[in-house]
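All remarks here apply to the structure that follows.
The values are calculated or read from the model by the stated rules, or taken from the named source; none is laboratory data. Computed from a predicted structure; not experimentally measured. As a convention, Cβ positions derive from the backbone with ideal geometry for all residues, glycine included, and neighbour counts pool all protein chains shown. Each accessible area value is taken on the protein alone, full model and side chains, heavy atoms only, with ligands, DNA and RNA left out. Shrake-Rupley method; radii C 1.70, N 1.55, O 1.52, S 1.80 Å.
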Amino acid sequence: MKVAVMGVAGRMGQELVRAAHAAGCSIVGGVEREGSPAIGSDVGVVAGLTPLGVSVTSDALDAISRCDGILDFTSPKATVEFAALAANARAVHVIGTTGLTPGDEAQIAAAARHAPIVKAGNMSLGVNLLMALTRRVAEALDEDFDIEIVEMHHRDKVDAPSGTALMLGAAAAEGRGLDLRQHSVRARDGVTGPRRRGDIGFASLRGGSVVGEHRVIFAGPGERVELAHVAGDRSVFARGAVKALLWGHGRAPGLYSMSDVLGL
Ligand code: NAD
């Protein structure tokens, strides 16, 4: 499968090159934003591999038109632009970018009418299993059990709560039959009053080089159930993304999730 990696010089971009290469994909493009110091460098070298004979470019249109699928962990603005280009080229688009607005999501859904898109705020197998478990536990324990979601990430992460925390919140709300938008509490400060029954709370910690930790707490009268996932390094997301790419190859247009890929 011929693949282009978007945001190739980024933390995830480099992981994606290594994972796609290890899975036997042919890397035919590496794209970076205009002005990036990586432009012109060899994609393999940027990712810490031996040279692959492909130079990093800012010409996304050209890179996408020459591949079967793209791996995209960049920024919301870039991802929306790439979704339109991938739809035109009928290429599989694997989206790991987080912080997408409802407007971005709508544009991505429109692009998915023309080509397969696999989108997940977290591509790891363990987190997707955690999501399925969260839905089940939320369904089994009634509103006597308050749900709180705590996440921690490295100091450079720009959005909060993490995309994964929001997905876990959505899974918990689904299990409870609630609308997350009406029950999510994103911040507490000062005299907030007692906790509202049925709310789903989020807390975000930032620091150091933490790759990603998530804990879903079900706190009831006299007992507490906790489900947790710790990502040891970023390769777990890249391996999941490559799995999604291979799964999406040749599939009908549509917006898919990691649950579809993993059959959860
Ligand atoms: P990063 O800043 O290290 O990398 C992003 C890269 O994208 C940068 O190199 C940047 O120059 C490049 N970029 C930005 N705009 C571009 C454009 N228009 N064209 C080409 N390249 C462009 O960030 P990161 O830690 O690699 O994370 C990237 C995204 O992936 C974030 O949204 C993050 O939250 C998300 N993420 C998702 C998962 C998951 O499993 N879904 C896992 C980790 C990170």
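According to the square roots a ≥ b ≥ c of the eigenvalues of the Cα gyration tensor, what is the shape class of the stretch 156-219, taking rounded for a/c under 1.5, prolate for a/b larger than b/c otherwise, and oblate for the remainder? Oblate, since a/c reaches 1.5 and b/c is not below a/b. Using R0 = 35 Å, the C-beta based FRET efficiency linking Ala84 and Glu223 works out to 0.10.
In straight-distance terms, cross-link reach from Lys2 covers every one of the lysines whose alpha-carbon lies under 26 Å from its own, apart from those fewer than eight places away in the same chain; here that gives Lys77, Lys119, Lys243. Charge dipole (Cα centre; +1 on Lys/Arg Cβ, -1 on Asp/Glu Cβ; no other charges) of the stretch 183-261 amounts to roughly 140 debye.
Of all the options Leu245, Leu168, Leu205, the one that moves most in a Gaussian network model of the chain with Cα springs shorter than 10 angstrom is Leu205.
Between Val150, Gly232, Ala47, whose Cα lies farthest towards the positive end of the dipole of the chain when Lys and Arg beta carbons carry +1 and Asp and Glu beta carbons carry -1, centred on the Cα centre? My answer, from the dipole projection, is Ala47. Its DSSP H runs of at least 4 residues, each contributing -39,500 (n - 2.57), put the calculated 222 nm mean residue ellipticity of the chain at -11000 deg cm²/dmol, to the nearest 500.
Compared with the direct C-alpha span, the chain from Arg186 to Arg136 gains 15.7 nm at full extension, assuming 0.36 nm per residue.
Remark: the chain carries 47 Å² of accessible area per residue (probe radius 1.4 Å; ligands, DNA and RNA excluded). Expressed as a whole percent, the accessible surface of the chain that belongs to carbon and sulfur atoms is 51, based on a 1.4 Å probe. Sequence-ordered 3J(HN,Hα) estimates for the stretch 257-264 from the Karplus curve with 6.51, -1.76 and 1.60 and θ = phi - 60° stand at 10, 5, 4, 5, 4, 8, x, 7 Hz, glycine and proline given as x. Take the convex hull of the alpha carbons in the stretch 57-150; its mean projected area over all directions comes to 7.7 nm². Using alpha carbon coordinates only, what is the Rg to Rh ratio of the stretch 164-264, with Rh defined as the Kirkwood radius? Reported Rg/Rh (Cα atoms, Kirkwood Rh): 1.03. Placing dummy labels 7 Å off each Cα toward the beta-carbon, the span from Arg113 to Leu125 is 3.7 nm. Here each label is just a point 7 Å from Cα along the line to Cβ, and for Asp144 and Ala23 those points are 4.5 nm apart. Counting only Cβ charges, +1 for Lys and Arg and -1 for Asp and Glu, the dipole size of the chain around its Cα centre is about 240 debye. Across all directions, the average projected area of the convex hull around the alpha carbons of the chain is 14.7 nm².
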